[in-house]
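To start, the structure under review is shown below, and the notes come after it.
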Amino acid sequence: MFAWRLVRQAIQRLGWGVADQGMSSISNFAVNIYIARSLGAAEYGAFSLAYVTYGFALNASRGLATDPLLVRYSDADVKRWRRAVAQCTGTAVITGLATGSCVLLASVLIGGTAGLAFLALGLTLPALMLQDSWRYSFFALRRGGHAFLNDTVWTVVLIPALFVLKQTGHATVFWFVLAWGASAGVAACIGPLQAKVMPKLTGVVSWVMLNKDLGPRYLLEGTANSASGQIRNYGISLILGLTSLGYVQAASTLMGPFMVIFFGMGLVILPEAARVLRRSPKRLPVFCALVSTGLALAGLAWGILLLVGLPLGLGQTVLGQLWRPTYPLILPSTIQIIGGCVQAGAGAGLHALGAARRSLRAMIISSALLVVCGLAGAFWGGAAGTIWGNAIASCIGAVIFWQQLRVALRDHNDEGGRTKTRQPGRHRGMAGAVSQRNESHT
């Protein structure tokens, strides 16, 4: 009965993760599909440059703010959680201000349609970063319902805003991005009411110093991943033009419903991996393997559904005339997604172990491979070539992540054995060390 209760609780948490990510992705998916159908491939390609820049800022914020929170404050009591969240959310706001300033400068230098999208993004990045930090904060405390409610507010505000823009003749990239970011700001303002915590902007230095062994490496890890996407997109636009970039982005958009599951699982996988490690370190590799296998099978199923369904009318319904040049990109996109799913299980294990150096090493190598293979594929094979290059790089990256996890587990077991020799009855795995650090810092 006890084991069944644990399984039921885990399924419930996973359900909230998928539900929350689904609600969050509705807004992103709606903006992507509307622009793809209404503004054409070239303008959609320009929009994708701003969108991938948002992803870069998001990963930077998560690396510095919310990833250390998930590793060190999952299952913390409410009092300690609130102190940590005040500093965590403050760090997210400051990260948004810093990246937003850079994006505003870029909007002036770029100009044109892409520059207008960058202008709207730069104005709203602080709100976007804060809203995202509330989501992760709630999941660290096992309050997925709070995160779901917050994302629901975002979506409920966004949908009528898009309708008003269309009816008033403001259906442009600038206004869509501005409405998207501003509606996230409304949800971000709801967060303090839910958590009974106000972001502490003056706590940024304390938070970064407290997590200096994790935060900077997670920052580099996240930005390396996002930077590879930016470099690839900029490179594709230079090599093939914005129209081909629009086709690549359209293929990514078709993978959006599956990514709801992928990112929804990501909200809870890391806290669950940390709990598995605390209860039974030997079960962590099995947990990671199950995560990778389950996600990979789900990704394969979605790819098959697209390959069968697009020619039967789904393509025309979702993307209009864009679906035909996008269709050849589905198979390599599916393989790329499967590689990413296999990486996800190993990445969760590395983070749970606190092996930030090894996860950073794996991410830098795999990100570099994505850039090299993706741009080489674009040069030799056009839009399809770049996706096939990404697929090959993704599979190689999965091998690298699992190799790093194997070494990290060996190091963890060796450290546990030495600790038992020095101090019988005590275990100095990640969970024990984290618990001691949390107590000393609070």
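The values are calculated or read from the model by the stated rules, or taken from the named source; none is laboratory data. Fair warning: this is a prediction, and the values are worked out from it, not measured in the lab. Please note: Cβ atoms are built from the backbone with ideal geometry, for glycine as well, and neighbour counts cover all protein chains shown.
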Check: Which ones in the range 374-402 are over 22 Å from the mean Cα position of the chain (by Cα) and free of Cβ contacts under 8 Å to residues at least 40 places away in the same chain?
Finding: ALA376, GLY377, TRP380, GLY381, GLY385
Check: Name the residues in the range 311-322 that are surrounded by 20 or more Cβ atoms within 10 Å (Cβ to Cβ) and without any contact (Cβ under 8 Å) to a residue 40 or more places away in the chain, would you?
Finding: GLY315
Next item on the list: Please specify each residue of the range 205-233 satisfying the condition of being of a type in the set (D, E, K, R) and either on the phi > 0 side of the Ramachandran plot or touching a residue at least 40 places away in the same chain (Cβ under 8 Å) (or both).
Entry: ASP213, ARG217, GLU221, ARG232
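Is there a residue in the range 189-196 that is closer than 30 Å to VAL372 by Cα, out of contact with any strand residue (DSSP E or B) (no Cβ under 9 Å at 6 or more places or on another chain) and surrounded by fewer than 17 Cβ atoms within 10 Å (Cβ to Cβ)?
no
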Next item on the list: Restrict the check to the range 129-148 and report whether at least one residue is charged (D, E, K, R) and either surrounded by fewer than 20 Cβ atoms within 10 Å (Cβ to Cβ) or outside any helix (DSSP H, G or I) (or both).
Entry: yes
Item checked: Long-range neighbours under 6 Å by Cβ, at least six apart or interchain, first residue crowded, with 17+ Cβ neighbours inside 10 Å within the range 153-167, second at pLDDT below 85 and not in a helix (DSSP H, G or I) -> LEU165/ALA171
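Could you look through the range 71-85, keep only residues that are out of contact with any Pro (no Cβ under 6 Å at 6 or more places or on another chain) and assigned to a loop (DSSP other than H, G, I, E, B), and pick out the one that is surrounded by the most Cβ atoms within 10 Å (Cβ to Cβ)?
Step one: of the range 71-85, the residues out of contact with any Pro (no Cβ under 6 Å at 6 or more places or on another chain) are 71-73, 75-85.
From what's left, assigned to a loop (DSSP other than H, G, I, E, B): 75-77.
Working: ASP75: 14, ALA76: 20, ASP77: 11.
The residue in question is ALA76.
Does the range 96-107 contain any residue that is in a helix (DSSP H, G or I), modelled with pLDDT under 90, within 29 Å of LEU242 (Cα to Cα) and assigned by TED's automatic domain parsing to the domain that holds VAL197? Before the answer, list the steps.
Here is the first cut: in the range 96-107, the ones in a helix (DSSP H, G or I) are 96-107.
Checking the rest, the ones that are also modelled with pLDDT under 90 come to none.
Within the range 96-107 (the criterion being in a helix (DSSP H, G or I), modelled with pLDDT under 90, within 29 Å of LEU242 (Cα to Cα) and assigned by TED's automatic domain parsing to the domain that holds VAL197), the answer is no, since none of the residues qualifies.
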Next item on the list: Have a look at TYR247, TYR234 and point out the one that is among the hydroxyl-bearing types (Ser, Thr, Tyr), crowded, with 22+ Cβ neighbours inside 10 Å and under 24 Å from GLY381 (Cβ atoms).
Entry: TYR247
